[in-house]
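Before any comments, here is the structure.
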Amino acid sequence: MKLSREIADDGRFVRQPNRFTDRLGPPEPGRYRLYASYACPWAQRVLIVSRLLGLEDLLDITIVDPIRDEKGWRVPGGDPEYLSELYHATDPGYAGRYTVPCIWDTRDKRIVTNDFPQITLDLETSWGTSPNLYPERLRPDIDIMNDRLYHGLNNAVYEAGFSRDQQVYEEAVARVFSTLDFLEVRLAESDYLFDTLTDSDVRLYTTLARFDAVYYAHFKCSVRRLSDYPALWAYARRLYAIPAFHETTDFDQIKRHYYITQTNINPSRIVPVGPELDWSR
């Protein structure tokens, strides 16, 4: 599906709403299958949470090909061949982009949800509780932080990268770096965004992992690099040292997806060499 459908008249990128928003039922081994991509930050969130909570035996996972074409995400060697087939099986009239993450109900033969903000919260509250990534005492603060991260960073980098208006682009970039500046101060004296690892850290990490490799150049968020922020850079590497984070972080797939797939930004489809970054602590 064409991204142009999500560009407003003023040149602003407006992300499509999530079409399937049912809540996950209790875990049933073999019933639910997650379709995800190592390239996609929204999908990586779910992969990280699944690993942290040890849900591998409860949630089957299929990783799609990172190079998306006009038919959408391809399922390597799989049935279906393309993720779009599941979208149309669930809603024959569906006309939006075919997005990951999404969760397929193998019993009822339908997509239960592609509502990426809610999927991790459902897993954290209904499927696994150790570690407790969404503790009740912090939920109001986590919700506020998650909203700030989404509008100021997670989605703002896309608003900058896909913008078709100079003023709109500059406004989005300003939000990106004001948010990074805020986070640099917050993390200067704390290992995590709160006093323990939470859902907010997962949401922040997946954007930070892509920042210098993709967003800095490809999305023109080039005021400063992540590695120019001492506290944020140390924080990102601290999370990367946790197996659930680094085992789901594939920089090659990330770069190939953005630079090869998004030809509206990079028509040559050339994948740049670098940057040379040491993510080890």
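Residue check, Val271 against (1) touching a Phe, Trp or Tyr at 6+ places or on another chain (Cβ under 9 Å); (2) surrounded by fewer than 18 Cβ atoms within 10 Å (Cβ to Cβ); (3) in a helix (DSSP H, G or I), all met but one. Which one?
Against the list (1) touching a Phe, Trp or Tyr at 6+ places or on another chain (Cβ under 9 Å); (2) surrounded by fewer than 18 Cβ atoms within 10 Å (Cβ to Cβ); (3) in a helix (DSSP H, G or I), Val271 comes up short only on (3).
Please count how many residues of region 235-268 are open to solvent by 50 Å² or more (accessible area, probe 1.4 Å), within 30 Å of Glu70 (Cβ to Cβ), in contact (Cβ under 8 Å) with a residue 60 or more places away in the chain and assigned to a helix (DSSP H, G or I).
1
May I ask you to verify whether Glu170 is farther than 30 Å from Leu55 by Cα and of a type outside the set (A, V, I, L, M)?
yes
Step by step: first the residues of region 68-97, then only those that are at pLDDT 95 or above and under 30 Å from Ile270 (Cβ atoms), then the one that is most open to solvent (accessible area, probe 1.4 Å). Which residue is that?
Ranking the qualifying residues of region 68-97, first place goes to Glu81.
Are any residues in region 50-65 out of contact with any Ser or Thr (no Cβ under 6 Å at 6 or more places or on another chain) and assigned to a loop (DSSP other than H, G, I, E, B), and if so, which ones?
Correct list: Gly54, Leu55, Glu56, Asp57, Leu58, Asp65.
Would it be correct to say that Tyr215 is under 26 Å from Val185 (Cβ atoms), open to solvent by less than 40 Å² (accessible area, probe 1.4 Å) and out of contact with any Asp or Glu (no Cβ under 6 Å at 6 or more places or on another chain)?
Considered against the rule, which asks whether it is under 26 Å from Val185 (Cβ atoms), open to solvent by less than 40 Å² (accessible area, probe 1.4 Å) and out of contact with any Asp or Glu (no Cβ under 6 Å at 6 or more places or on another chain), Tyr215 comes out as yes.
Please determine whether any residue of region 218-229 is in contact with a helix residue (DSSP H, G or I) (Cβ under 8 Å, 6 or more places away or on another chain), in a helix (DSSP H, G or I), open to solvent by 20 Å² or more (accessible area, probe 1.4 Å) and farther than 20 Å from Leu52 by Cα.
Scanning region 218-229 turns up at least one residue that is in contact with a helix residue (DSSP H, G or I) (Cβ under 8 Å, 6 or more places away or on another chain), in a helix (DSSP H, G or I), open to solvent by 20 Å² or more (accessible area, probe 1.4 Å) and farther than 20 Å from Leu52 by Cα.
Taking the condition farther than 18 Å from Cys40 by Cα, in contact (Cβ under 8 Å) with a residue 12 or more places away in the chain and open to solvent by less than 10 Å² (accessible area, probe 1.4 Å), does Leu232 pass?
Yes.
Between a first residue in region 1-20 that is within 19 Å of His88 (Cα to Cα) and a second residue that is open to solvent by less than 40 Å² (accessible area, probe 1.4 Å) and among the small types (Gly, Ala, Ser), which pairs have beta carbons less than 7 Å apart while being 6 or more apart in sequence or on different chains?
As it stands, the answer is Met1/Gly96; Gln16/Gly96; Arg19/Gly96, since those pairs meet every condition given.
For region 1-50, give me the residue count where each residue is within 20 Å of Ala156 (Cβ to Cβ) and either β-branched (Val, Ile, Thr) or modelled with pLDDT of 95 or more (or both).
Adding up the residues that qualify gives 9.
Per-residue answers, yes or no, for (1) open to solvent by 10 Å² or more (accessible area, probe 1.4 Å); (2) not in a loop (DSSP other than H, G, I, E, B):
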| site | (1), (2) |
| --- | --- |
| Gly11 | no, no |
| Gln16 | yes, no |
| Arg19 | yes, no |
| Arg23 | yes, no |
| Glu28 | yes, no |
| Leu34 | no, yes |
| Trp42 | yes, yes |
| Arg45 | no, yes |
| Ile48 | no, yes |
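Quick grid of which residues meet (1) over 17 Å from the mean Cα position of the chain (by Cα); (2) farther than 13 Å from Val157 by Cα:
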residue: Asp195; (1), (2): yes, yes
residue: Val202; (1), (2): no, yes
residue: Val214; (1), (2): no, no
residue: Lys220; (1), (2): yes, no
residue: Tyr229; (1), (2): yes, yes
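The values are calculated or read from the model by the stated rules, or taken from the named source; none is laboratory data. What you see is a predicted model, and the numbers here were worked out from it, not measured in a lab. Reconstructed Cβ throughout: ideal geometry from the backbone, glycine too, with neighbour counts over all protein chains shown. Protein only, heavy atoms only, side chains kept; ligands, DNA and RNA dropped before computing areas. Shrake-Rupley method; radii C 1.70, N 1.55, O 1.52, S 1.80 Å.
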